[in-house]
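The values are calculated or read from the model by the stated rules, or taken from the named source; none is laboratory data. Computed from a predicted structure; not experimentally measured. For neighbour counting, all protein chains shown are included, and Cβ atoms are generated from backbone atoms with ideal geometry for every residue, glycine included. The accessibility values were calculated without ligands, DNA or RNA, using every heavy atom of the protein model including side chains. Shrake-Rupley method; radii C 1.70, N 1.55, O 1.52, S 1.80 Å.
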Amino acid sequence: MNNSQTSVKQDITIERMNPKEVDIAIEWAQKEGWNPGIHDAECFYHADPTGFYAAKLNGEVIGTISLVKYAGNFVFEGLYIIKPEFRGKGIGKQVQQYALDLCRDMNLGLDGIVSIKEKYEEYGLKFAYNNCRFACKAVDKPSKNCQPIKREDFKEVGVYDKECFRFDRIEFLECWLFQKDHTSMLIRNSMDEITGYGVIRKCFDGYKIGPLFSNSEGEAELLFNSLTSTVLGETIFLDVPELNETGVQFAQLKCMQPIFTTVRMYSKSIPDLPMSKIFGVTTFELG
């Protein structure tokens, strides 16, 4: 993945974004109703500065896509958006094919829109499972068992995160855990081992929890309560993989309402994720 610019058709190029152009992608994601975090652009770019691409026509950005790379030949696609007035012209197909060609030797994952699942399948992507976004008002009280994540916890949190996510993403976590308008918390067992952690961040609409990783439903609830207690009265969003039936039931018990569904798909093998630990996806853009 070392091409910085590639012509797709006459007058259309696909090239790497600079940080300000990533802001454009986040703005478009907001307009599409995906409700990104207000500081997502910085953390996304920090995860992989070479992983963001813009389709341009005569210098104007008319499409975006992110391809954030992780160790282990894994890449996650997000922010796949074509400017509305340029849709239906085959540009989206060119951008998606560019991404697949660029990542042909890697396993590409994505959370896509359900309505275009068949199009992804035409590209050879395999369906893994659905994610459901839930929403509710924050009304819970904090737990004394949950503590804010401190800098000295970082390495240990990174190890636990890799157990759940399956790939090392230290660069991303360096920003994600300590970003402004983010609150990150962990929970430990009697042996002082981390058994769960979560992050809540301010979005354009309300707040979103992600990730919410935990060894048990009980610990997930303590983390959920403690995170939401920091923004009482606000709307909270949680993205739950439907394969974690306990996670879905947990969201329902918290009186959360389903908002929409996405499809998780992969270009090669489907990773063996510890679904019972994933009560909340980190982001639909980075996995």
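Of the residues making up segment 268-282, those that are among the polar types (S, T, N, Q) and within 26 Å of M185 (Cβ to Cβ) are S276, T282. With respect to the stated conditions, I38 fails to be in contact with a helix residue (DSSP H, G or I) (Cβ under 9 Å, 6 or more places away or on another chain), among the β-branched types (V, I, T) and modelled with pLDDT of 95 or more. Looking at segment 50-63, is at least one residue under 25 Å from I200 (Cα atoms) and open to solvent by 30 Å² or more (accessible area, probe 1.4 Å)? No, segment 50-63 has no match at all. Being farther than 19 Å from K277 by Cα and touching a Pro at 6+ places or on another chain (Cβ under 6 Å): is that true of S143 here? No. Within segment 86-108, restricting attention to residues that are under 13 Å from L57 (Cβ atoms) and in a helix (DSSP H, G or I), the residue that is nearest to the chain's Cα centre (by Cα) is V95. Output yes when any residue across segment 48-67 is under 15 Å from the mean Cα position of the chain (by Cα), under 16 Å from T282 (Cβ atoms), assigned to a helix (DSSP H, G or I) and among the small types (G, A, S), and no when none is. Within segment 48-67 (the criterion being under 15 Å from the mean Cα position of the chain (by Cα), under 16 Å from T282 (Cβ atoms), assigned to a helix (DSSP H, G or I) and among the small types (G, A, S)), the answer is no, since none of the residues qualifies.
Here's a check for you: in segment 108-135, which residue that is polar (S, T, N, Q) and surrounded by fewer than 18 Cβ atoms within 10 Å (Cβ to Cβ) is modelled with the lowest pLDDT? Applying the filter and picking the extreme gives S115. Per the listing G88, G51, the residue uniquely without any contact (Cβ under 8 Å) to a residue 24 or more places away in the chain and farther than 19 Å from V263 by Cα is G88.
Only one of the numbered conditions (1) modelled with pLDDT of 95 or more; (2) open to solvent by 70 Å² or more (accessible area, probe 1.4 Å) is violated by D23, and that is (1).
Among the residues in segment 258-266, are any open to solvent by less than 30 Å² (accessible area, probe 1.4 Å), closer than 29 Å to K144 by Cβ and not hydroxyl-bearing (S, T, Y)? Scanning segment 258-266, I find no residue that is open to solvent by less than 30 Å² (accessible area, probe 1.4 Å), closer than 29 Å to K144 by Cβ and not hydroxyl-bearing (S, T, Y), so the answer is no.
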